[in-house]
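Below: the structure, in structure tokens.
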Amino acid sequence: MSTDSISLRISELVSLLNTYNYQYYVLDNPSIPDAEYDRVFRELQALEAEYPHLLSPQSPTQKVGGVALNKFDQVTHEVPMLSLDNAMTEDEFVAFHKRINDRLKTNQDFEFCCEPKLDGLAVSILYENGKLVRAATRGDGAVGENITENVKTIKSIPLSLIGDNFPERVEIRGEVFMLLDGFLAFNQQAIENGTKPMVNPRNGAAGSLRQLDSKISAARPLAFYAYGLGVVSDEFELAESHYDRLQQVKSFGLPVCPEITVAQGIDDVLDFYKNVSEKRASLNYEIDGTVLKVNDIDLQDELGFVARAPRWAIAYKFPAQEELTVLNDVEFQVGRTGAITPVAKVQPVFVGGVTVSNATLHNAEEIERLGIMIGDTVIIRRAGDVIPQIVSVVLDKRPDDAKIIEFPTTCPVCDSQVEKPEGEAVTRCTAGLFCGAQRKEAIKHFASRKAFDVDGLGDKIVEQLVDEQLIQSPADLFVLTEQQISNLERMGPKSAQNLVQALQDSKSTTLPKFLYSLGIREVGESTALNLANHYQTLENIKNADYDSLITVSDVGGIVANHILAFFKESHNLDVIAQLIEHGVHWPIIEKKQESELPLLGLTYVLTGSLNEMGRTEAKNALVSLGAKVAGSVSAKTHFLIAGEKSGSKLTKAQDLGVPVLTEDDMLALFKQHGVN
Ligand SMILES: NC(=O)c1ccc[n+]([C@@H]2O[C@H](COP(=O)([O-])OP(=O)(O)OC[C@H]3O[C@@H](n4cnc5c(N)ncnc54)[C@H](O)[C@@H]3O)[C@@H](O)[C@H]2O)c1
Ligand SMILES: [Zn+2]
């Protein structure tokens, strides 16, 4: 490369880093992952090292990134707040260790204070006579922003130091970070409210702290750990090691990260790194590596500083959890309950310790929220064992031929209609009985105890039958031969004969059971019973429209739409027709007169355990008498039936003055109306 092209590349890199720094430090809204930033940074560092005459003192490699915004008062740091050099690999850490060993001309193994690298932002907090008087951000290292009022709202930071053994004037430095549970809750709420979620906890913390209105900071889940000192009054006697100084800071009343330990030599440090990386997923805050500091303060002083970082410390980072990649395509997978999930097919990339080529896009709303298109450069995240996610799109890198992602209008597995009920995020295939993706679940449900109750047809057998392609829908069960069944694993001629007999026997059923067996979404046993009582025949139910369906007890708008979608799908109707053709039948239901529904208009709630009958049985009996059975007690509840060990529902009923019946009262009621 000619010097010209090198200096051109250097100025390109400088301008890129300046842009990234601006997005990260000023806007608290980075457009690329840290790993990409670090690569660009290192490329620049390497070029500057090779061509020192091209190194400018204005280069981002010579400065602490960040600026103090004018909207805040400025604070000049009495001792500059620096950054840290970093090591990405064990070799780089070992090289760092050798460098300081050479510099100190020792060959001994000195101590390191080993700390997690907290992923938040550095803050300086000044106490005078034990009172918090000022807090500031790092800014450009020399001048930071006065954020005293915001810092005062952080619960783990004391407004007054404790005890009486602290310096008259002391500046504590540490990291403000966001607690993960609070971060997740905040983002979930933001998505529900249609407001902008935080990109990650680090930027969430920075954005929350750099607010003019301290009420906003106060409402965010921020916390603080101290990891160092700035100015300290001369008279105060500080300990001689970094670790002991942190213990002093702790005795002043400031929190210090409990994971911090002292290690002797390289091997112990590497153990610490390994232990913390294993613990990482279980911590309630994000860390992106370890910070390893020469423990002895005299040695620290001997080593001193370079332009932007101390020589006596290094950030040994974990492999990146966020990386850049390209979205090549989107595939749509159908889950076992019919949910259609878009899966991002990305350019394979090493992230979170493994090579990733797929990431979930969740649903249509997520695609819209991200504004993502095929061909986009995206930030992908893989943390711990969590399925890789697409975090955001790098809009600057969108190619001209980027393609819109089309959500399928029919099921990619069985080509049936899909539905996406209003207000729901999930799109589903409506062919519950027919769809290949849903086959196993649909047939297991069909054969289950409360449905067709086929003796000997457990989940394992259903799976084998489907895997062997002996059945494709519940209707195929009834044409299975003993021969076919006896060839299955753990099945002999005798059990095959029994199973065929059990299938024959199950053909005689009831309309509520039949309806329930179909596995229509959200049509449980009691809804099926209500539908059967209301319409008497399957034909009537198939022909019912929305307005009619919602008049049925227990059926709301959502359930009505599921029922309509189910019977609109011709594949489902085919399976039903086959079932009937194979001899499935049920007795005609006599329409009950209103006089035969003595509990019409009454709402019951069941709680606690019953001795004489199951809860479902009791519920069905109540429904057959016209009652509505609700899941929770409210002012609209007429009676609570409380079995043994009743808990909060009983208390609530008593509070609301809802009459409470015992199991015996209930049995008496059933007896009175001829139900047993
Ligand atoms: N994505 C982007 O666009 C973008 C832009 C700029 C910077 N960055 C990221 O920020 C990094 C540079 O930021 P930086 O200069 O703050 O350096 P740094 O974050 O790599 O290291 C210095 C900082 O570490 C923090 N820290 C956490 N735990 C600590 C501990 N126990 N002891 C001491 N310090 C601790 C302090 O805040 C300190 O200021 C880059 O490497 C990159 O990862 C990303
Ligand atoms: Zn399907």
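The values are calculated or read from the model by the stated rules, or taken from the named source; none is laboratory data. Predicted, not measured: the structure shown is a model, and the values here were computed from it. No Cβ is skipped: glycine too gets one built from the backbone with ideal geometry, and neighbour counts run over all protein chains shown.
Taking the listed residues 636, 645, the one that is under 30 Å from residue 535 (Cα atoms), of a type in the set (Lys, Arg), in contact (Cβ under 8 Å) with a residue 24 or more places away in the chain and not assigned by TED's automatic domain parsing to the domain that holds residue 506 is 636, with no other qualifying.
Only one entry of 98, 71, 131 meets the criterion of being of a type in the set (Lys, Arg), modelled with pLDDT of 95 or more and more than 16 Å from ligand 2 (Cβ to nearest atom), and that entry is 131. Residue under question is residue 66, and the condition is that it be crowded, with 17+ Cβ neighbours inside 10 Å and closer than 20 Å to residue 18 by Cβ; does it hold? Here the answer is yes, as residue 66 does meet what is asked. Residue selection: residue 481 satisfies the criterion of being loosely packed, with under 15 Cβ neighbours inside 10 Å and either away from ligand 2 (no atom under 16 Å from the Cβ) or of a type in the set (Lys, Arg) (or both).
Taken together, the criteria place residue 460 among residues that are surrounded by fewer than 15 Cβ atoms within 10 Å (Cβ to Cβ) and either out of contact with any Lys or Arg (no Cβ under 7 Å at 6 or more places or on another chain) or small (Gly, Ala, Ser) (or both). Here is a check on your reading of the model: is residue 125 modelled with pLDDT of 95 or more and either in a strand (DSSP E or B) or basic (Lys, Arg) (or both)? Yes; evaluated as a whole, the condition is true for this residue.
A single member of 514, 434, 478 is at pLDDT below 95, aromatic (Phe, Trp, Tyr) and under 20 Å from residue 582 (Cα atoms), and it is 434. The set of residues from region 429-446 being touching an Asp or Glu at 6+ places or on another chain (Cβ under 8 Å) and free of Cβ contacts under 8 Å to residues at least 60 places away in the same chain comprises just one member, 444. Scanning region 525-566 for residues that are of a type in the set (Gly, Ala, Ser) and closer than 25 Å to residue 616 by Cα yields 526, 528, 532, 553, 556, 557, 560. Taking residues in region 413-426 that are among the β-branched types (Val, Ile, Thr), and partners anywhere that are near ligand 2 (Cβ under 8 Å from one of its atoms), the pairs with Cβ atoms closer than 6 Å and at least 6 places apart or on different chains are 413/334; 413/435; 413/436; 413/437; 418/411; 418/429. For residue 13, state whether it is surrounded by fewer than 19 Cβ atoms within 10 Å (Cβ to Cβ), away from ligand 2 (no atom under 16 Å from the Cβ), more than 19 Å from residue 122 (Cα to Cα) and not assigned by TED's automatic domain parsing to the domain that holds residue 205. No: the conditions fail for residue 13.
Restricting attention to region 163-193, the residues that are in contact (Cβ under 8 Å) with a residue 60 or more places away in the chain and under 30 Å from residue 237 (Cβ atoms) add up to 11. Here residue 171 meets the list (1) in contact with a helix residue (DSSP H, G or I) (Cβ under 9 Å, 6 or more places away or on another chain); (2) closer than 27 Å to residue 83 by Cβ almost entirely, failing just condition (1). Report, by residue number, each residue of region 422-444 that is surrounded by fewer than 16 Cβ atoms within 10 Å (Cβ to Cβ) and more than 14 Å from ligand 2 (Cβ to nearest atom). Answer for region 422-444, where residues must be surrounded by fewer than 16 Cβ atoms within 10 Å (Cβ to Cβ) and more than 14 Å from ligand 2 (Cβ to nearest atom): 422, 423, 424, 425.
Do the conditions hold for residue 259, that is, is it in a strand (DSSP E or B) and either touching a helix residue (DSSP H, G or I) at 6+ places or on another chain (Cβ under 7 Å) or surrounded by 21 or more Cβ atoms within 10 Å (Cβ to Cβ) (or both)? No.
In region 376-421, which residue that is in a loop (DSSP other than H, G, I, E, B) and in contact with a helix residue (DSSP H, G or I) (Cβ under 6 Å, 6 or more places away or on another chain) is modelled with the highest pLDDT?
405
Contact annotation: residue pairs with Cβ atoms under 9 Å, 6 or more positions apart or on different chains, pairing a residue in region 301-325 that is within 21 Å of residue 48 (Cβ to Cβ) with a partner that is of a type in the set (Phe, Trp, Tyr) and surrounded by fewer than 17 Cβ atoms within 10 Å (Cβ to Cβ), are 311/305. Across region 383-411, the number of residues qualifying as exposed (fewer than 15 other Cβ atoms within 10 Å of the Cβ) and within 16 Å of ligand 2 (Cβ to nearest atom) comes to 3.
Listed here are the residues, each with its yes/no results for (1) part of a helix (DSSP H, G or I); (2) modelled with pLDDT of 90 or more.
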| site | (1), (2) |
| --- | --- |
| 547 | yes, yes |
| 553 | no, no |
| 560 | yes, yes |
| 564 | yes, yes |
| 571 | yes, yes |
| 574 | yes, yes |
| 579 | yes, yes |
| 589 | no, no |
| 604 | no, yes |
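Of the residues making up region 352-369, those that are crowded, with 16+ Cβ neighbours inside 10 Å, in contact with a Lys or Arg (Cβ under 9 Å, 6 or more places away or on another chain) and either at pLDDT 95 or above or in a helix (DSSP H, G or I) (or both) number 3.
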